[in-house]
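Notes follow once the structure below has been shown.
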Amino acid sequence: MGTMKISLNFHDKWLIFQLELLVMLFLLLSMSFQSAEAQSFDYSKIEVEGNFRIDKVDIIRIAGLPKSGVISTERLNSAYTSLANSELFEDILISDEGAVLLISVVEYPIINKIVIEGNRRVKDERLIEVVSSQVRHVYKPSQAEADAFAIGEVYRIAGRLAASVDPKIIRRSDNRVDLVFEVVEGKVVEVERISFVGNKAYSDNRLRRLLRSKQANFLRAFVQSDTFVAERLELDKSLLQDFYYSRGYVDFEVTSVSSQLTQERDAFFVAFHIEEGHQFTFGEITATSELPEVDVNLFVAESRIRSGSVYTPTLVTNTVQRMEHLALSNGLQFVRVVPQVTRNSHNRSLDIAFNIEKGPRIFIERIDIQGNPTTLDRVIRRQFRVAEGDPLNPREIAEAAERIRALNYFSKVEVTSQEGSSPTQAVVMVDLDEQPTGSLSFGVAYAEDEGVSGNVQLSERNLLGRGQFLSVSLDTGSKSKGYALTFSEPQLLDRDLSLTVATSYQTTNKYGENFDTSIFRFSPSLRFPISETSRLGVRFEANKYKFSGVKYDDKDISQIIRADLFPGGTTRTGDNLTLGYDLSYDSRRTGFNPRRGYQARIGQDLIWGKRNYIAMRSTVLARVHTALFNEDLLLSATFEGGALLARKGNTRFEDRFRMNSRLMRGFRYNGTGPRDLKTKDALGGNYFAVARLESEFPLGFAQDVGISGGAFFDFGSIWGLDETNCSIISKKDSCEVDDSMNMRAAAGVSLFWKTPFGPLRFNFSRPLKKEVYDETLNFDLTLSSDI
């Protein structure tokens, strides 16, 4: 048998060697994996090192390991993860030391102090409020990152979108650290322009005045409302919707709001895309009911809606409220009035049918109030027109919530109802957050006739949580000084009856007619509604006065004043008692637009004084408001007049009417009216009549900061004295008195500014018709109210 030989060259041998090496590596890896899968740790005890504050037992508990035994690698990895997730340790090492399982840890340090650096626009106190990390607590990196994000949110809300916050730690001894938040504030991102797309009925200027967001302008350094805040846009959408709905645009919709960042990334262009739809009016107003005990004609008579007038949800809500009150007064329980609207597209009107129906028989089991540690429960409960045991009326509950919000005592008001102890019982839940109600204010005013004057006022709107108002104020100027204390109980005896008690003390030094005065007044008053649009007030006033500083024979003072104020000497003191009332009417209380409507007021005061003095003082006011050019131009016309009549003898100096800038602009206080031409003393008048025509309109360059313009024209007169012949008073003296009904007129322009301190009005006036002895006034600064 032969032998076969195989010869391998070098190349073949190298291939075989590589194959053998691969097989060997494969076998080694397989053995390694099998060994790893089978690896376990057998220990008799656990030791912990590196811990100072955290007990050994707590560390073992967090790791979740048994005190001894055999554990797998997987179990060991799980223990490591549990310790790391506890955020108590900066470093962790678990090792097998034979029969001992050793856990070595490095604890996170304790926070020594928290510091915020780099912030200039926001105070430390405001930023610390959002930081959850605390001094003398364990430092946690994740919590520090969350705190940095919260600080950044404060800046984002303030419009500084580029702000960055970097948390860092500074190591101290004894395993302590200082936690430092380094802030880079960046620039404020402003609203450069606000525009509207789709508006036809109202101009951009009119709609911009509604919004809380404002455009940046030349006053951007002093105004923060032009800062871009995304959340504010949602409120702006609601304000637009309410505005259009209240004016009959029932199809109005904000389709979108786009905000585009400028290339410089320091401002936004905001555009509101809207669809106005058409304005609707009220059509036919009816009432329907399937309840046999309901007379629908009585309910229709309760409606104050006129067919053809512009539709507004406010009038519908008011009608529902009146009808439901009518049902209760007629003994109809659980009656609901549900308005049903029928749309007439052909004439753009809405027919309203008020359906009187039975509601579910659910009673109020209780009213639970929380979140009012200061405000008494009864102050909140009296905002409800229902109590425990009354039928549940969702509309009344919603209205009570609005009345609670109107108190302005709470930053949050949530009123809800939920099922009580049975399906026929409901619990009304009132959840509140109180806010500060006290204030300390300072003010400065200037007028040419009085110079500079200052005011300090301390007030509390919710005194001791009782819903009462208390104010203490000091007014001081170059010629006068006054102190005042006012207390008000808005709901006396838990009724819609307001009690106000005011007391004041005022002194003047060589003022007006160059004599000194001091007057102390004490005046309680009551005010209550007699209808939806009318209020009646009754008042009593007691005053004690003193006039001094002149001699009886002083030839520089009018004999009429000397005889009245200083009979027989240099000082006159006395007491007066006044009992009066005023009846007011304001159609704007129930209207949808406070810039349109009518006002009227009539008042009378019966005055008793020494020397059998009795006088009657009567005043009247009538005013009409309207708006033109899509409410861009506001107009008002006012007539105001008064008369003072003494039962016998002459009227007194202190009770006569005097012209002031509130009645007629362009003249100093007491600068017009009856006057002693010889001594130039103003004497006051028994009668006055004034008409004021004024307007307000937007100023494009300043409307976003609450500044608007105005123009006015005032004309009228003050006249009449009971006695003008000084020889009758004193045969030694003579006088020349002009008490004729001389017409005065003035015109001018105004600037209105709605500031955080209140609405200010700057009047620049020029008299057009005056007497030679009149004292004019070209500028004054006053607190203003909407015309």
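The values are calculated or read from the model by the stated rules, or taken from the named source; none is laboratory data. Please read all numbers here as calculations on a predicted model, not as lab measurements. All Cβ positions, even for glycine, are placed from backbone atoms using ideal geometry, and neighbour counts span all protein chains on display. Quick note on the areas: whole protein, heavy atoms, side chains included, nothing else; ligands and nucleic acids left out. Shrake-Rupley method; radii C 1.70, N 1.55, O 1.52, S 1.80 Å.
Summary table
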{"quantity": "In the stretch 538-562, residue modelled with the lowest pLDDT [restricted to those that are assigned to a strand (DSSP E or B), open to solvent by 30 Å² or more (accessible area, probe 1.4 Å) and over 20 Å from S498 (Cα atoms)]", "calculated": "K546"}
{"quantity": "Which listed residue, of V165, V115, is touching a residue at least 12 places away in the same chain (Cβ under 8 Å), open to solvent by less than 50 Å² (accessible area, probe 1.4 Å) and in contact with a helix residue (DSSP H, G or I) (Cβ under 6 Å, 6 or more places away or on another chain)", "calculated": "V165"}
{"quantity": "N344 being surrounded by 12 or more Cβ atoms within 10 Å (Cβ to Cβ) and either at pLDDT 90 or above or among the aliphatic types (A, V, I, L, M) (or both)", "calculated": "yes"}
{"quantity": "Selection within the stretch 385-416 - in a strand (DSSP E or B) and either in contact (Cβ under 8 Å) with a residue 40 or more places away in the chain or crowded, with 18+ Cβ neighbours inside 10 Å (or both)", "calculated": "P391, F410, K412, V413, V415"}
{"quantity": "Subset of the stretch 104-147 (residues that are under 33 Å from the mean Cα position of the chain (by Cα) and in a loop (DSSP other than H, G, I, E, B))", "calculated": "G118, N119, R120, R121, V122, K123, E129, V130, V131, S132, S133"}
{"quantity": "All positions within the stretch 512-537 that are more than 12 Å from G482 (Cβ to Cβ) and either among the β-branched types (V, I, T) or modelled with pLDDT under 90 (or both)", "calculated": "G512, E513, N514, F515, D516, I530, S531, E532, T533"}
{"quantity": "Residues that are closer than 17 Å to V296 by Cβ, open to solvent by 30 Å² or more (accessible area, probe 1.4 Å) and either in a strand (DSSP E or B) or aromatic (F, W, Y) (or both), drawn from the stretch 320-341", "calculated": "R336, V338, P339, Q340"}
{"quantity": "Options A287, A271: the member that is under 30 Å from S213 (Cα atoms), assigned to a strand (DSSP E or B) and of a type outside the set (S, T, N, Q)", "calculated": "A271"}
{"quantity": "Breaking point among (1) crowded, with 16+ Cβ neighbours inside 10 Å; (2) hydroxyl-bearing (S, T, Y); (3) modelled with pLDDT under 90, for T476", "calculated": "(1)"}
{"quantity": "Any hit, the stretch 60-70, residues being under 30 Å from A150 (Cα atoms), surrounded by 14 or more Cβ atoms within 10 Å (Cβ to Cβ) and either of a type outside the set (F, W, Y) or in contact with a helix residue (DSSP H, G or I) (Cβ under 8 Å, 6 or more places away or on another chain) (or both)", "calculated": "yes"}
{"quantity": "Test: residue in the stretch 372-384 that is outside any loop (DSSP other than H, G, I, E, B), over 29 Å from A301 (Cβ atoms), in contact with a strand residue (DSSP E or B) (Cβ under 6 Å, 6 or more places away or on another chain) and open to solvent by 40 Å² or more (accessible area, probe 1.4 Å)", "calculated": "yes"}
{"quantity": "Filter result for S661 (over 14 Å from S717 (Cα atoms), of a type outside the set (V, I, T) and within 34 Å of the chain's Cα centre (by Cα))", "calculated": "no"}
{"quantity": "Residue within the stretch 563-571 that is modelled with pLDDT of 75 or more and not in a loop (DSSP other than H, G, I, E, B) present", "calculated": "no"}
{"quantity": "Residues located in the stretch 177-194, provided they are buried (at least 17 other Cβ atoms within 10 Å of the Cβ) and either under 30 Å from E90 (Cα atoms) or not charged (D, E, K, R) (or both)", "calculated": "V177, D178, L179, V180, F181, V183, V188, V189, V191, I194"}
{"quantity": "Test: residue in the stretch 291-300 that is over 25 Å from G420 (Cα atoms), of a type in the set (D, E) and not in a helix (DSSP H, G or I)", "calculated": "yes"}
{"quantity": "Index of the failed condition, Y244 passing every other in (1) in a helix (DSSP H, G or I); (2) surrounded by fewer than 20 Cβ atoms within 10 Å (Cβ to Cβ)", "calculated": "(2)"}
{"quantity": "Test set (1) at pLDDT below 90; (2) open to solvent by 70 Å² or more (accessible area, probe 1.4 Å) - Q703 fails condition number", "calculated": "(2)"}
{"quantity": "Contacts under 7 angstrom Cβ, first residue in the stretch 627-645 being within 15 Å of L699 (Cα to Cα), partner assigned to a strand (DSSP E or B) and open to solvent by 60 Å² or more (accessible area, probe 1.4 Å), 6 or more apart", "calculated": "D632/F697; L633/F697"}
{"quantity": "Which numbered condition N297 misses (of (1) in contact (Cβ under 8 Å) with a residue 12 or more places away in the chain; (2) open to solvent by 70 Å² or more (accessible area, probe 1.4 Å))", "calculated": "(1)"}
{"quantity": "Selection within the stretch 637-659 - modelled with pLDDT of 90 or more and open to solvent by 50 Å² or more (accessible area, probe 1.4 Å)", "calculated": "F639, L645"}
{"quantity": "Residues (closer than 14 Å to R656 by Cα, aliphatic (A, V, I, L, M) and buried (at least 17 other Cβ atoms within 10 Å of the Cβ)) located in the stretch 608-636", "calculated": "A615"}
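Results for (1) within 30 Å of Q468 (Cβ to Cβ); (2) touching a residue at least 24 places away in the same chain (Cβ under 8 Å); (3) under 36 Å from the mean Cα position of the chain (by Cα), shown as yes or no for each residue.
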position: L350; (1), (2), (3): no, yes, yes
position: N355; (1), (2), (3): no, yes, no
position: P360; (1), (2), (3): no, yes, no
position: L376; (1), (2), (3): yes, yes, yes
position: I380; (1), (2), (3): yes, yes, yes
position: Q383; (1), (2), (3): yes, yes, yes
